[in-house]
Structure formats: C-alpha cells, structure tokens
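*Asks:* Just passing along the structure, written as structure tokens.
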Amino acid sequence: MHMTITENKVVLIHYTLKDNSGETLDSSEGKDPLAYIQGIGNIIIGLEEALAGKVVGDKVTTTIAPEKAYGVRNDANVHVVPLSGFQADGDEKLVEGMQVRVETNEGVSIADVAKIDGEEVTLDLNHPLAGETLHFDVEIVDIREATKEELDHGHAHGPGGHHHH
Ligand code: ZN
C-alpha cells in the first residue's frame, strides 16, 4: 500500500532551495527533514502542487515562479520614512541591510532597511524572496495521516514539526 501526498497528510521532506543563480538559500541537509501538512498553506502553493500525488522515495525537482512562491515585488511595499522616527534602541544603530519591526495597518511587520540617505530611510516590506523564481530539489521521506490535534493547530508535530513544551 502506497500512501500518496493528498490534503491533510503530514509529509516529511528533505529539500534544497536555490535561486536563479544557483545559490543555495535554504536546505534541510544535515538536519531533520521538514514536516508540513499538505493543502493548508504550511509551504508555498507551488511546492504543494509539485508534491501532490507523490509517494515516499520520490525525488522531485521543480522550478516555481514568484506568483506561486512568495509573490511578486510590489513598489507599494516600499516606504520612505524620516530617520527621526526611529528610536535609538540601546547601542543598535540603524544601518542599511538590517531588519526592523514596524507597525503597519495589518499589525507588526518585518521591514528591510533598504537605504539610508541623510534623514530619509527607505523601508522595504516585501518578502525577502518576493520576485524570486525558486528551484527546489525535494525527496519525500515519509507520509502519514495528520492527527486531529495537528489539524486543529495547523502544523505538524514531532520531528521536523512544531514542539510544544
Ligand atoms: Zn501544535
């Protein structure tokens, strides 16, 4: 009996994620496989689609466009704000490339400090991988039914999943 990847299955995968230039962005190599629940948005939609119907031992190589990954970059997510709006936080000085927490209409969000020009700070609230085409190499390690508790929580438990203490 071969269980296939369908909605509400807990799936354990080993994966390597590369960008268009072939640089590795993330990998489970040397770590526990990643555990996720298929069909509920734990992972990007393009990867769910690529893995649907697969069985343990399958190896999947897939290229995912930004629309099915972290979305396209949106200029509306880039804001220029006054430097004076940032409170000195201990010794931490605001520098380009750092990440800051900002209040938005949708709550607290993480922004990239894209540029500091005199008294003007450019904040980029796009996801760091927005606009990126992603290349995944995935090996399916295990597939099992999700428990009711896992479905209630919206994430997998156990190795590679969430741990509650
Ligand atoms: Zn939980």
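*Asks:* Among the listed pairs 18/54; 18/93; 31/54; 31/148, which are separated by more than 29 Å between their Cα atoms?
*Replies:* Listed pairs above 29 Å: 18/93.
*Asks:* How would you order 131-142, 94-105 from highest to lowest mean count of nearby Cβ atoms within 10 Å?
*Replies:* 131-142, 94-105
*Asks:* Just to confirm a number: summing +1 for Lys and Arg and -1 for Asp and Glu over residues other than residue 102 whose beta-carbon lies under 12 angstrom from that of residue 102, what do you get?
*Replies:* Around residue 102, the charge tally is -3.
*Asks:* Give me the accessible area per residue for segment 47-134, probe 1.4 Å, as a whole number in Å².
*Replies:* Dividing the accessible area of segment 47-134 by its residue count gives 66 Å².
*Asks:* Then there's this: At 1.002 mPa s and 20 °C, plugging the Kirkwood radius over alpha-carbon pairs of segment 75-124 into Stokes-Einstein gives what diffusion coefficient in µm²/s?
*Replies:* In µm²/s, the coefficient is 190.
*Asks:* Normalised by the residues of the chain, what does the relative contact order come to in percent, with Cα pairs under 8 Å and at least six apart?
*Replies:* Relative CO of the chain lands at 35 percent.
*Asks:* Can I ask one more? Would you mind pulling out the separation of the Cα centroids of segment 49-70 and segment 96-165, in Å?
*Replies:* That distance is 19 Å.
*Asks:* Quick one: give the max-minus-min coordinate of the C-alpha atoms of segment 5-140 along each principal axis, largest first, in Å.
*Replies:* Its Cα atoms span 55, 30, 27 Å along the three principal axes.
*Asks:* Which percent of the accessible heavy-atom area of the chain goes to carbon and sulfur, probe 1.4 angstrom?
*Replies:* The computed percentage sits at 48.
*Asks:* Apply the Karplus parameterisation 6.51 cos²θ - 1.76 cosθ + 1.60, with θ equal to phi minus 60°, to every residue of segment 18-25 and state each ³J(HN,Hα) to the nearest whole Hz, in sequence, with x for glycine and proline.
*Replies:* Those phi angles translate into 10, 8, 4, 8, x, 6, 6, 8 Hz.
The values are calculated or read from the model by the stated rules, or taken from the named source; none is laboratory data. Everything numeric in this text was worked out from a predicted model, so none of it was measured. Because the Cβ atoms are built from the backbone with ideal geometry, glycine has one as well, and the counts that use them run over all protein chains shown. Note: areas computed on protein heavy atoms with side chains; ligands, DNA, RNA excluded. Shrake-Rupley method; radii C 1.70, N 1.55, O 1.52, S 1.80 Å.
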